[in-house]
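Encoded as structure tokens, the structure appears first; notes follow it.
Values quoted throughout were computed directly from the atomic coordinates according to the rules given, and no laboratory measurement underlies them. All of these numbers come straight from a predicted model, not from anything done at the bench. Here the Cβ is made from the backbone with ideal geometry for all residues, glycine too, and neighbour counts use every protein chain on show.
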Amino acid sequence: MRFASPWAFLVLIAVPLILLYLSRRKGHGSVRFSSLVNARRSGRSLRQRLAALPVLLRVLVLVLLAVALARPQMGREKVRDVTKGIAIEMIVDRSGSMKAEMGFFGQRFNRLEVVKKVFREFLMGNEENLEGRPNDLVGMIAFARYADTMAPLTLGHGALLRFLESVRIVTRRAEDGTAIGDAIALAAARLKTAEEDLARTADESGEKEYEIKSKIIILLTDGQNNFGKRTPQAAAELAAEWGIKIYTIGVGSREGVSTVKTLFGDFKVPVGGGVDQKTLQRVADITGGVFRMAENAEALREVYTEIDELEKSEIESIRYIDYKELFVPFALAALCLMMLEVTLVNTIFRRIP
């Protein structure tokens, strides 16, 4: 408990002065008797024993009013966590060349499936070197010949994983291709408006519970840009202008291999033209990001671990004390005692001059 106006206790200086004044005050009148012997024998009545009660009530009233004026307050400490997270747009290549196989813990999967598995670990964490990204806004763009928003920026990562499972390698020739530039431009546009989207969902109190610390794009591709309106370099310059960093990951090697099942058995055939390392390095350099090659699942996990260490979220705890005013009970008690004192003085303890 604390008192917001402790100077109000100066009123209590008047209490001893009042008591001193009352003790020295002379009676207003007297009646002469021939003898007081019988009066002394009769003893003191209850009224006489409680004669000082009105004065005591008056003193209590002053004390209670002083406490009420001092404004007693009870404080309760509250903690509000403001998360300073990172807005992340994942760009996943789903072109036909992603059918090439990669190893994943002793099993063979196509590149897209491996990318999805390791992305899940990056997002939710694993038991080894990835702790997950629970405090980050994460969205997803998938592309082949065209770039599409698969999931908006969200903190609901469980829903994001369901969108991730729906990403499939294109099967129609008319949709196949690698539009890296358009995918980067779309992801950058989503990140540019991230604060506006976040403001729309903020609560009415106006308190900022989430703050975007930085914005990054993680691009995973195994090919070369061969479709789209924008070149990867032009899209990267746009992202850099908006303060967005791009991490580029080349999945697989320069020559991908896919297994084709035939009547005569399984045959491995080359798929795609390989990773355009020069372009991916240039995109990363323009935005201040990092380019890495991931020729297998273990290397891909190491790349994600490196990004996880470079981009850290923060949680800032804001502590404040919420005070509750407690002067009302003291003021009401003073009022009640004052009314009681006035009533007693004008009835039971009434004096006739």
| Among 293, 140, 98, which comes first, second and so on when ranked by fewest other beta-carbon atoms within 10 Å? | 293, 140, 98
| message | Checking the table 116/213; 192/213; 245/312 against a 22 Å threshold on Cα-Cα, which pairs fail? | response | 116/213
| What's the extension gain from residue 2 to residue 278 if we count 0.36 nm per residue and subtract their Cα-Cα distance? | 92.7 nm
| query | How much length is gained on full extension from residue 126 to residue 159, taking 0.36 nm per residue of separation minus their Cα-Cα distance? | reply | 10.0 nm
| query | For residue 199 and residue 175 in one chain, what is 0.36 nm times their gap in residues minus the Cα-Cα distance, to one decimal in nm? | reply | 5.1 nm
